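Worksheet for the structure shown next.
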Amino acid sequence: MKIPLFDLLKKEHQEIQRMFESMSKGNEKVRVSALHKFQKQFIAHLKAEEASFYPKLEDEPETKMLALEAYEEHHVAEILFNELKTLNINDAEWSAKLTVLKEIVEHHVNEEETEVFKVAEKIFKEDDFSDMYKEFQGKEDIWIKKAI
């Protein structure tokens, strides 16, 4: 079954990965621009997942623990990102924190795309995914507008 929600999440995960690359390479202007874009997209993505997809996972015994872990990974990523924003982009500590944030996000994305999606596909129906997709888009739009 083709699941548009998963296609969208994967596409956004790839975009987040590209933003990490831009934040870690290039001149200061490129990195600052990528950081601002990342702030808007990353937080919107996290909050939309937490409002549309994870609650459904949490309701199911097969995916409850995966959902709880995902919430915690989001929480840790947000803490690191908030700390990152307070640092000078040219400091070594900024680069180190960015590396750790990237590693946490990569682990989270890998787990989500390899484990969570597979289990969710067995549990939920096409209509469930359609509802989650619409809710995700709506929540993400709200968070993006808040970030502007």
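Since every read-out is calculated from the coordinates, none of them should be taken as a lab result. All figures in this text were calculated on a predicted structure; none of them were measured in a lab. For neighbour counting, all protein chains shown are included, and Cβ atoms are generated from backbone atoms with ideal geometry for every residue, glycine included.
Things worth noting here:
- Per the Debye calculation on the chain with a single equal scatterer at every Cα and no solvent contribution, log₁₀ I(q)/I(0) for q = 0.12, 0.17, 0.18 Å⁻¹ amounts to -0.50, -0.95, -1.05.
- Per-residue Cβ neighbour counts within 10 Å put Arg31, Arg18 in the sequence Arg18, Arg31, beginning with the fewest.
- Shape of the stretch 96-143, Cα gyration tensor, a/c cut at 1.5: oblate
- Under the simplified labelling scheme, the Leu87-Ser130 pair shows an inter-label distance of 4.6 nm, with each label point 7 Å from Cα along Cα→Cβ.
- Taking other residues whose beta carbon is less than 15 angstrom from the beta carbon of Arg31, and scoring Lys, Arg as +1 and Asp, Glu as -1, yields +3.
- With R₀ fixed at 41 Å, the C-beta to C-beta distance from Ser95 to Lys146 puts the FRET efficiency at about 0.90.
- Fewest-first sequence of Thr63, Thr99, Thr114 by Cβ atoms within 10 Å of each Cβ: Thr114, Thr99, Thr63
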